Every structure is written in structure tokens, then in C-alpha cells.
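The values are calculated or read from the model by the stated rules, or taken from the named source; none is laboratory data. Model, not experiment: these values are computed from the prediction. With ideal geometry, Cβ positions are generated from the backbone for all residues, glycine too; neighbour counts draw on all protein chains shown. Side chains included, ligands, DNA and RNA excluded: accessible areas come from the protein's heavy atoms. Shrake-Rupley method; radii C 1.70, N 1.55, O 1.52, S 1.80 Å.
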Amino acid sequence: MTLTAPKPHTTLGTSPRRRVAMNPTLKYVLKRLAQSALTIFLTLTTVFVLIRMAPGDPAYALAGPLASTEDLAKIRADMGLDKSVFSQYLIYLWDLVHLNLGTSYSFQAPAMDVVLGRLPYTITLAVSSILLTAVLSIPLGVWMARHADTRRELGANVVAVGGQSMPEFWSGLMLVTIFAVLIPVLPAAGFTTWPSLILPTVTIAILQIALISRMVRREMVSAFASPYITVARSRGVSERELTWRYAMRNSAIPIVTALGTRFAGMLNGVVVVEVVFAWPGVGSLVVRALETRDYPLIQATVLVTAVLAVLVQLAVDLLYPLLDPRVRLGKGAN
């Protein structure tokens with residue numbers, strides 16, 4: 001008897017289905033954008049509910065104390081506040097889909113245009129502050145790590161803790177008193193010339209430098225104690241290369257994350273600093289919107305700042321693989 005191998009089963013006219021694999025990075029970005037859109041939606045919904053639960057009447061704030069009951073009723077009808085909260089919410093969602101956030105009560109202009117007009121000032125202040133923070137805090141933190149547990153490091157740490165403990169409004173007032181009143185070399189408020197940027201930038205950076213430098217010091221001390229640093233030092237690698245090529249590279253992700261988080265917070269408007277220095281940014285705009293119960297302006301401000309914060313966090317996440325090739329984005333990411 002002769003045994004024959006079974007013929008493989010074939011089907012004419014068919015071909016195996018090809019699966020198109022999506023780029024892991026693109027898939028990760030799309031997933032994060034979907035999550036961010038949900039986060040922004042929930043944030044806007046929460047703000048919509050909270051500002052309507054807060055005490056105060058936008059019509060009264062706009063009309064003033066001498067307005068009659070009929071005038072207040074007419075203003076509420078014009079604002080759409082005579083409808084139920086649920087009806088207002090449905091109208092708000094419809095306008096949001098069409099990027100129409102309404103007209104600002106206090107400025108009598110489209111709320112989004114008012115916010116976008118103030119946004120460049122906040123971005124300018126945030127960029128200058130984060131650059132000054134990065135330029136000073138990283139070398140200071142590295143120096144503190146290189147001189148850990150010494151008297152010089154203790155003195156620098158005390159100064160950092162002092163800077164971290166000072167409220168921004170107090171730092172701003174002291175800087176104005178010294179450099180705008182006693183020694184009038186810098187403008188005290190507003191944004192008329194580029195020197196006007198110096199005092200608010202330094203005020204914000206004082207706190208951020210204190211926070212970031214101590215974090216850099218902690219990360220670098222941990223990196224210097226790692227076995228790979230000991231092995232590299234035994235191979236004759238210079239201390240400068242050990243610091244900036246080995247230790248700093250392995251500590252880059254938490255440092256960049258902290259800087260990105262701080263930068264996103266600055267883009268939301270440094271309210272105290274902007275009020276102290278009469279800075280025409282988003283932070284001072286929020287204060288005015290809250291005082292006048294300007295619902296469209298508050299909602300437009302929250303939308304713009306939330307989108308900016310999400311974009312900054314996404315950019316920081318996309319930097320991770322460039323800083324550390326071991327990091328992978330997408331499924332099974334670490």
C-alpha cells in the first residue's frame with residue numbers, strides 16, 4: 001500500500017485578507033485626542049453647571065442697581081436666561097458645535113474674539129517664564145545634585161525652599177516696590193514695551209525655579225547612584241559627560257513632564273500675577289468675567305485654555321520616545 005500526503009486545501013480566486021496596520025504613534029495620538037475631546041466636553045459641562053449655580057445675577061451686574069424689574073426681565077430674555085437650565089444647556093451645546101460661544105455681556109463682542117485677543121499676551125508671558133525657569137532651574141538642580149549633602153548645597157536648598165514658600169502676589173509687590181518705585185528702571189504695570197515683561201516673568205519664575213530645581217536635584221542624585229554611572233566612571237568617562245549625557249538623559253522624562261505641566265498651567269492664566277501687574281492676559285480676563293457673571297466669556301476662556309493645556313500635554317507625551325528610545329507609544333506602551 002502506498003501512502004500519499006494529503007494535498008493542501010486551496011480555493012481558486014481567493015487571496016488572504018491583508019490587514020493594514022496603523023502606525024502606533026498615529027493610533028496613540030488619535031486615542032489621546034479622543035480622550036482629550038471627552039475631557040474638554042466634561043470640563044465645559046461642569047463649568048456650565050457651576051457658574052449657573054453660583055450666586056449672582058448677570059442681568060443685575062450688567063444693568064446696575066438702579067435697573068427696574070422690567071429692565072432686568074428684558075435683559076434676561078435677551079441673554080436667554082429666562083429659559084430653563086436644561087434648555088440653556090441644549091442651546092449651548094448647539095452653539096458649541098458651531099463654535100459660537102455667544103456674545104460677551106461686558107464687552108458686547110463675540111466671547112471667542114475677546115479671549116483670542118487676550119491670548120497672545122498670556123502666551124508671551126508663559127513662554128518667557130518657562131524659558132527662564134528651564135535655563136536657571138536645570139543647571140541649579142544639577143549643581144545641587146553634584147554637591148549633595150554639603151554646606152553649599154544646603155544653603156542653595158534653603159534659598160530654593162524660601163522661593164517656593166513666597167506667594168506670587170508678595171513677590172510681585174516686592175519687585176514692583178524695588179525696581180519700579182525705589183529704583184525706577186522697569187515699568188510697574190501693563191504691557192507697553194518689552195521691558196514690561198521682565199517683572200511679571202521673574203515673579204512667576206521665582207516659584208517655578210524653586211520647584212523644578214529641587215525636582216532636578218532629586219532625579220539627578222538618584223541617577224548618580226545608579227550602577228551604570230559607576231560602570232561609566234570606571235571606564236574613564238569624564239564627569240561632565242556623566243552628568244549631561246548619562247544622568248541627565250535618564251532623568252529627562254520627569255523633568256520635561258514637570259516643565260510641560262507648569263507651562264500648561266501658565267497658559268491657563270497666572271491670575272494673581274496678571275492682576276498685580278495689570279497684565280492684559282487671560283487670567284485678568286477671567287477675574288473680570290467672574291465679577292460680571294459673564295457666562296459666554298467664562299465658557300470661551302475655559303474652552304481655549306483647556307484646548308491649549310491638552311495640546312501641551314500631548315506634545316510632552318510625543319517627546320518621550322525622542323528622550324528615551326525605550327519608551328513606546330501605542331499598545332503595550334511602557
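What to note about this one:
- Accessible-area composition of the chain, carbon plus sulfur, in percent [1.4 Å probe]: 66 percent
- All C-alpha pair distances within the chain, sorted into 10 Å bins from zero, spread as 5, 18, 22, 21, 15, 8, 5, 3, 1, 1, 0, 0 percent across the bins.
- log10 of Debye I(q)/I(0), alpha-carbon scatterers only, for the stretch 108-193 at 0.13 Å⁻¹: -0.69
- Highest mobility in the GNM of the chain, judged by mean-square fluctuation with C-alpha springs under 10 Å and restricted to Leu314, Leu30, Leu199, is found for Leu30.
- Cut-off under 5 Å, modelled amide H: who pairs with Thr103 long-range: Ala111
- Across every pair of non-identical alpha carbons in the stretch 144-188, the mean reciprocal distance, once inverted, gives a Kirkwood radius of 12.3 Å.
- Site pair Ser87 and Ser234 shows an inter-label distance of 7.9 nm when each label is modelled 7 Å from Cα along Cα→Cβ.
- Other residues whose C-beta falls under 15 angstrom from the C-beta of Leu242 contribute a net charge of +3, scoring Lys and Arg +1 and Asp and Glu -1.
- Here Ile178 and Leu322 are evaluated by their C-beta separation; at R0 = 30 Å the FRET efficiency comes out at 0.10.
- Net lengthening on full extension, Val127/Val307 (0.36 nm per residue, minus Cα-Cα): 63.1 nm
- Fully extending the segment from Thr261 to Arg218 would add 13.7 nm, taking 0.36 nm per residue of separation and subtracting the current Cα-Cα distance.
- A crude spin-label estimate for the pair Asn157 and Trp170, with each label 7 Å from Cα along the Cβ direction, gives 2.2 nm.
- Shown for the chain are the DSSP H helices of 27 Å or more along their axis, judged by Cα atoms, with a mean Kyte-Doolittle hydropathy of at least 0.5: 24-53, 111-146, 198-224, 295-323.
- With the convex hull drawn over the C-alpha atoms of the stretch 110-155, the volume per residue is 78 Å³.
- Descending principal axes extents, the stretch 27-70, alpha-carbon based, whole Å: 58, 15, 13
- FRET efficiency for the Leu66 to Leu30 pair, using the beta carbon distance and R₀ = 51 Å, is estimated at 0.40.
- Here's the picture: a label point sits 7 Å out from the Cα of Trp94 along the beta-carbon direction, and within the stretch 66-85 the residues with their amide nitrogen under 16 Å of it are 78-85.
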